[in-house]
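What follows is one structure encoded as structure tokens, with my remarks underneath.
The values are calculated or read from the model by the stated rules, or taken from the named source; none is laboratory data. Small disclaimer: the values here were computed from a predicted structure and weren't measured. FYI the Cβ positions are ideal-geometry reconstructions off the backbone, even for glycines, and counts take in every protein chain you see. Each accessible area value is taken on the protein alone, full model and side chains, heavy atoms only, with ligands, DNA and RNA left out. Shrake-Rupley method; radii C 1.70, N 1.55, O 1.52, S 1.80 Å.
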Amino acid sequence: MKSMFTIREGGAAHWAIRLVTAALVALAIIWIPTRGSNGLITEATESLTLIAAAMALNLVLGYTGQISIGHSAFFGIGAYVTGICVSRWGFSPWVTFPLAFVVAFVIGVLVSFPASRIKGVYLALVTLALALVFPAVLSWRKLSWLTGGGAGLDNTGFDIGRREGQIREYEIFGWNPFGDLRSLDAKTPFYYWIAILVTAVVYIVCRGVVKSRAGRALVAVRDNETAAAVMGVNLVSTKAFIFGISAGLCALPGSVTAIRVNSVSPALLNLTLLGAITFLIIMVIGGAGSLWGPVIGGVLYTFITSRTGSWGDDDSIPALLRPFFAWAKTPPGTGIFAVALIILMFVAPRGIVGFFKQHSPRIVRVVPKPAGTGAVTGATIAADIAVDDEAMLTKNKGETT
């Protein structure tokens, strides 16, 4: 496959591309809370929670090849650990983040041991049962003293108000970047930056795991468990560790939801089976097995569902699209996303990021460093795919001849 341009990994051109990309991402992150409306900031905060949950799921499904449809339970564990600790015991919301991670990690490891003996559709059924049972456990009457039963819990976030002792401002080393938190214009960006912080932590941890020796073991387990075991990879411990890390990370955006909404209940969408399926769809559309796949998938999902949220009213549908969606009495955002998923599986089965990695070498080829001289990047993977495809094509032509 010939390329229009060829650059070397680690060279000036490669670093320029990476710096420009980082600058654009930073600019978007800063522009949203400073120039965007409260509605846009809220949408971005919801998108960030979905992105973080999909990143956590990506560790299990994208890199290890284990099908999980139960991550909504771990999301809910994070939400309820924060809710219980804040509303029942008066903990600071910040303290609940590590607690939620630890509790979800332990439960994830315990779930992984029986799950490590099965795979494929059977593992999917086990995790599906977990997603279905979790809301029922929360509503169980004998646990209502702790979980609040079907009604859930209130006052699960920061105690913001006008009474004495309540929070009115939030200072960082004497600096008050938000203003009076009792106003919506200050409170909305405050929750946005909490979501940014959590998403950044989840991304850094996922990247650290993927780029480490454990990450290479994950890919080996995904591609061929027998070969991985022969090479010395402990399948049970590797799967248990990654499942636990994934569960713990998925609990963090759950804690963000409890803090932002200031209440938790079994009826919260992301705590149900639909939430687990949403995480899965976001990850697959963006690109499984890619660090940036959940980011792109989460942004697209939020954009489509929010922009079509009012399409239940025929007059709100654009005239060009009205003949296709006027018959629907409910917003068709989820349906549009499902159709897009079906089409994408035919056109780009690796997701949007996988499609880009496969075809970007037609324009720019990044020549990787020699083995042992640096870390493997997404661009390197794209170049490797292109080189492998070209070698396979040459081999097939030789055999045919």
| Those residues of region 230-244 which are surrounded by 14 or more Cβ atoms within 10 Å (Cβ to Cβ) and more than 15 Å from residue 106 (Cα to Cα), in sequence order | 233, 235
| query | For region 183-251, which helices (runs of 4 or more DSSP H) that fit wholly inside it have 2 or more residues that are touching a helix residue (DSSP H, G or I) at 6+ places or on another chain (Cβ under 6 Å) and closer than 24 Å to residue 54 by Cβ? | reply | 184-211, 213-223
| So which pairs qualify, if the first residue must be in region 112-141 and closer than 20 Å to residue 271 by Cα, the second must be at pLDDT below 80, the Cβ gap must be under 7 Å, and the two must be at least 6 apart or on different chains? | 123/115; 126/115; 126/118
| task | Identify all residues within region 152-182 that are surrounded by 15 or more Cβ atoms within 10 Å (Cβ to Cβ), outside any loop (DSSP other than H, G, I, E, B) and at pLDDT 90 or above; write none if there are none. | result | 153
| said: I'd like to know if region 105-119 contains one or more residues that are at positive phi, of a type outside the set (Lys, Arg) and not in a helix (DSSP H, G or I). | reply: no
| query | Are there any pairs with C-beta distances below 7 angstrom linking a residue in region 1-18 that is of a type in the set (Ser, Thr, Tyr) to a residue that is not in a helix (DSSP H, G or I), with the two at least 6 apart or on different chains, and if so which? | reply | 3/363; 3/364; 3/365; 6/365; 6/367
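Which one of 136, 131 is more than 22 Å from residue 235 (Cα to Cα) and surrounded by 12 or more Cβ atoms within 10 Å (Cβ to Cβ)?
Of the residues listed, the single one that is more than 22 Å from residue 235 (Cα to Cα) and surrounded by 12 or more Cβ atoms within 10 Å (Cβ to Cβ) is 131.
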| request: Only residues in region 195-208 that are surrounded by 18 or more Cβ atoms within 10 Å (Cβ to Cβ) count as the first member; pair them with residues that are modelled with pLDDT of 95 or more and of a type in the set (Lys, Arg), Cβ under 7 angstrom, at least 6 apart or cross-chain, and list the lot. | output: none
| note | Residues of region 245-284 being more than 30 Å from residue 181 (Cα to Cα), surrounded by fewer than 21 Cβ atoms within 10 Å (Cβ to Cβ) and not hydrophobic (A, V, I, L, M, F, W, C), in sequence order, are 272
| remark: Going through region 183-194 in order, the residues found to be over 25 Å from residue 75 (Cα atoms) and either surrounded by fewer than 16 Cβ atoms within 10 Å (Cβ to Cβ) or out of contact with any Asp or Glu (no Cβ under 6 Å at 6 or more places or on another chain) (or both) are 183, 184, 185
| query | Inside region 126-159, can you point out the residues that are out of contact with any strand residue (DSSP E or B) (no Cβ under 7 Å at 6 or more places or on another chain) and of a type in the set (D, E, K, R)? | reply | 141, 142
| Answer from 79, 13, 73, 53 - the residue that is within 30 Å of residue 367 (Cα to Cα) and assigned to a helix (DSSP H, G or I) | 13
| Of the residues that sit in region 84-102 and are in a loop (DSSP other than H, G, I, E, B) and either among the aromatic types (Phe, Trp, Tyr) or within 17 Å of residue 166 (Cβ to Cβ) (or both), which one is most open to solvent (accessible area, probe 1.4 Å)? | 89
| field | Top-ranked residue in region 301-312 [being open to solvent by 30 Å² or more (accessible area, probe 1.4 Å) and either at pLDDT 90 or above or of a type in the set (Ser, Thr, Tyr) (or both); ranked as farthest from residue 143 (Cα to Cα)] | value | 310
| task | Go through (1) over 22 Å from the mean Cα position of the chain (by Cα); (2) more than 17 Å from residue 73 (Cβ to Cβ) one by one and return the number of the condition residue 146 breaks. | result | (2)
